[in-house]
Amino acid sequence: MKQSQLFTKTRKEAPADETARNAELLIKGGFIHKEMAGVYSFLPLGLRVIEKLETIIRSEMNAIGGTEMRTSAIQVKDVWEKSNRWDDEVVDVWFKTSLKNGGEVGLSFTNEEAYSNIMKQYIHSYKDLPAYPYDFKTIFRNETRAKSGIMRGREFYWKALYSFSKDDAQHQEFYEKSKQAYKNIFQKAGIGHVTYLTFASGGSFSPFSHEFQTITGAGEDTIYIDESKGIAVNQEVYTDEVLATLGLSKDTLVEHRAVEVGNIFSLGTKFSAPFDLKYTNESGESVLVTMGSYGIGLGRLMGTIVEVLSDDKGIIWPESVAPFRVHLLALGESENVAKEAQATYDMLKDAGIEVLFDDRGGVSAGEKFADADLLGMPYRIVVSERSLKDNGAEVKKRTEERGTNVPFTDLIAHLNPNA
Ligand code: ATP
Ligand code: MG
C-alpha cells in the first residue's frame with residue numbers, strides 16, 4: 001500500500017487523558033482512534049494487526065477441532081434469567097436497553113448462555129459430542145476501570161470457544177489440547193517468551209482455571225513464576241495449600257506484574273444444568289453435558305504486544321502480526337529515486353511481500369525515519385541517491401541500529417532467505 005493513499009497520519013501527541021502506553025503509541029501511529037475511555041475504533045493499520053491475530057487464532061482453534069460461527073450481540077433476557085445472570089445485582093457490567101415495542105435486551109458481555117441455548121437444539125445423543133463451536137465477536141462490558149488502553153475495553157473483540165463433552169475424561173482431553181493451542185498462539189504472536197500458564201481460581205466445578213499471563217508492568221495482575229517449571233500462580237490462589245498441590249515452593253517463585261491475555265475454564269455442568277442441556281448416553285441414560293470455556297481478547301493481545309515489544313521510538317511488531325512486513329522509504333525529491341523506489345515496490349509486491357511504501361513528497365528524511373520507527377514494521381528499506389550509487393537499497397530491521405546496503409538483484413533473497 002502507498003502511504004500517500006493511507007488517510008491516517010502519525011501524530012506527535014496522544015489525547016491528554018490517555019495514560020496507557022499501548023494506546024498512546026497506537027494513537028500516535030494512527031492504528032486506532034479513541035472514542036472515549038475504553039472505546040476505540042480500529043483504523044486501517046490497526047485492523048490489519050487484528051486480522052493477523054485472528055488468522056493465527058483461527059488456525060489453532062480449527063486444528064483442535066473448533067468450528068467457527070457467530071453469535072448475536074443482542075441477547076434476550078429470558079435466556080440469561082435461566083442461569084441467573086440477567087440481574088444487575090449479579091452481573092454489574094451489562095449494557096442493557098429496551099425494545100421500542102417492549103421487552104428488555106442486553107449486549108453480550110460473554111457467551112456461555114448464548115451457546116448453551118443454541119447447542120440445546122443440536123445435542124441429543126452421545127453421537128453429537130464432543131462439539132467445539134467458537135466465535136470472534138465484539139463484547140460489551142460496562143467496566144468501571146478502563147485505564148489500560150485497548151487492554152481493558154468497554155467494547156472489545158474476542159475469540160471465545162465453548163467445549164461440549166460427554167464427561168470429565170472427554171473434557172480433560174480437550175482442555176489439555178487447548179493449553180498447547182494457546183501456547184502456540186502466544187508464541188506465534190511474538191510474546192511466548194514472556195507468557196506463562198498460570199493457575200487461577202476455578203469455581204464450583206474445578207479447583208483451578210488456567211490463565212495465560214504475560215509479564216508487563218502495564219498488567220493489572222500479580223503472579224508468582226516458577227521459571228524452571230515455566231508455570232505461574234495468580235495471587236488470587238497463592239496459598240500454601242495450593243502451592244503444595246502443584247509441587248511449587250515459595251522459594252523458587254518470583255513475583256511479577258502481568259496481564260491475562262487468555263484463559264481456559266472447566267465449567268462442569270454450571271450452564272448445562274440451568275439449560276437442561278442433556279444427551280442420551282450409550283446405555284440410554286440422560287446425562288448433563290460437561291462444558292468448558294476458552295477466551296482470548298484480541299485487542300488486549302495487541303495492546304500487550306505493544307507494551308512488551310516497543311522502545312522509546314515506537315512499536316516493534318513481530319513479523320507474524322505486523323500490518324506490513326516492509327516499510328519502503330523513498331528519500332529526497334529526485335526523479336531517479338522515485339522511479340527506483342516504485343520499481344522496488346513493484347518487485348516486493350510481486351514476490352508476495354507486504355509493503356507499505358512511503359512515497360510521500362515534501363516529507364523530510366528525518367520525518368520518514370521517525371514515522372518508520374513509530375509504526376514499527378519489521379524491515380525498513382530505504383531508496384535514496386546514496387543507496388542508488390551502489391545500485392541497491394539500505395535494509396534495516398526495526399531491531400537493528402544500522403542498516404546494510406543490498407543490491408536490488410539480491411533484495412528478495414535477502415528478505416526471503418529460505419525461499
Ligand atoms: P479480567 O480478569 O482481566 O477482567 P476476565 O477474567 O473477566 O478478564 P473473561 O471474561 O474470561 O476475562 O474474558 C476472556 C478474555 O477476554 C480474557 O482472558 C482477556 O484476554 C479478554 N478480556 C476480558 N475483559 C476484557 C476487556 N475489558 N478488554 C479487553 N479484553 C478483555
Ligand atoms: Mg480474569
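The values are calculated or read from the model by the stated rules, or taken from the named source; none is laboratory data. Everything numeric in this text was worked out from a predicted model, so none of it was measured. Because the Cβ atoms are built from the backbone with ideal geometry, glycine has one as well, and the counts that use them run over all protein chains shown. Protein only, heavy atoms only, side chains kept; ligands, DNA and RNA dropped before computing areas. Shrake-Rupley method; radii C 1.70, N 1.55, O 1.52, S 1.80 Å.
Determine the shape class of the chain: with a ≥ b ≥ c the square roots of the Cα gyration tensor eigenvalues, call it rounded for a/c under 1.5, and otherwise prolate if a/b is greater than b/c, oblate otherwise.
In terms of gyration-tensor shape, prolate.
Can you list the lysines whose alpha carbon is less than 16 Å from that of LYS396, not counting same-chain residues fewer than 8 positions off?
Reachable lysines: LYS313, LYS368.
With an 8 Å Cα cut-off and a minimum separation of 6 or more residues, compute the relative contact order for the chain in percent.
16 percent
Excluding same-chain residues fewer than 8 positions from LYS250, which aspartates and glutamates have a Cα within less than 13 Å of its Cα?
Output for LYS250: ASP226, GLU227, ASP240, GLU241.
Whole-Hz Karplus ³J(HN,Hα) for region 376-391, in order, using 6.51 cos²θ - 1.76 cosθ + 1.60 and θ = phi - 60°, x for Gly and Pro?
Whole-Hz 3J(HN,Hα) from phi for region 376-391: x, 5, x, 10, 10, 10, 10, 10, 8, 3, 5, 5, 5, 4, 9, 6.
Can you check what the net charge comes to around PHE205, using other residues whose Cβ is under 12 Å from the Cβ of PHE205 (Lys, Arg +1; Asp, Glu -1)?
Overall, the nearby charge balance is 0.
Between GLU335 and VAL93, what is the FRET efficiency for a Förster distance of 60 Å, r being their Cβ-Cβ separation, to the nearest 0.05?
E(calc), rounded to 0.05, equals 0.55.
Give me the net charge for the shell around VAL105: Cβ to Cβ below 12 angstrom, other residues only, Lys and Arg +1, Asp and Glu -1.
+1
Of LYS183/LYS278; LYS183/LYS397; LYS52/LYS179, which sit over 29 Å apart, Cα to Cα?
Beyond 29 Å between Cα atoms: LYS183/LYS278.
Computing the accessible area with a 1.4 Å probe over protein heavy atoms, can you report the carbon and sulfur percentage for region 1-138?
51 percent
Counting other C-beta atoms within 10 Å, and keeping those with at most 16, which DSSP coil GluC sites (Glu not before Pro) do you find in region 257-296?
Passing sites in region 257-296 are GLU282, GLU285.
Can you tell me which of ALA351, ALA16, ALA232 moves the most in a GNM of the chain? Springs connect C-alpha atoms under 10 Å apart.
Result for the chain, Cα springs under 10 Å: ALA16 fluctuates most.
List the trypsin sites (Lys or Arg not before Pro) within region 332-419 that fall in a DSSP loop (any state other than H, G, I, E or B) and whose Cβ has at most 13 other Cβ atoms within 10 Å.
Those satisfying the criteria are ARG402.
Please find the FRET efficiency linking ARG402 to ASP311, where r is the Cβ-Cβ separation and R0 is fixed at 22 Å, and quote it to the nearest 0.05.
0.90
Out of ASN234, ASN101, ASN117, any idea which swings most in a Gaussian network model of the chain, alpha carbons joined below 10 Å?
Maximum fluctuation in the GNM of the chain, among the listed residues, is at ASN101.
I want to verify a result. In a Gaussian network model of the chain, Cα cutoff 10 Å, which of these has the top mean-square fluctuation: PRO318, PRO378, PRO15?
Result: PRO15 has the largest fluctuation of those listed.
Tell me, what is the per residue accessible area of region 63-161 in Å², probe radius 1.4 Å?
51 Å²
How high is the FRET efficiency between LYS179 and ASN416 when r is their beta carbon distance and R₀ equals 25 Å, given to the nearest 0.05?
The pair LYS179/ASN416 has a calculated efficiency of 0.15.
State in Å² the accessible area per residue of region 326-415; use a 1.4 Å probe, count heavy atoms of protein chains only, and round to the nearest integer.
Counting only protein heavy atoms, the per-residue value for region 326-415 is 48 Å².
Return the calculated 222 nm mean residue ellipticity for the chain, to the nearest 500 deg cm²/dmol, obtained by summing -39500 (n - 2.57) across DSSP H runs with n ≥ 4 and dividing by the residue count.
Value at 222 nm, helices only, nearest 500: -8500 deg cm²/dmol.
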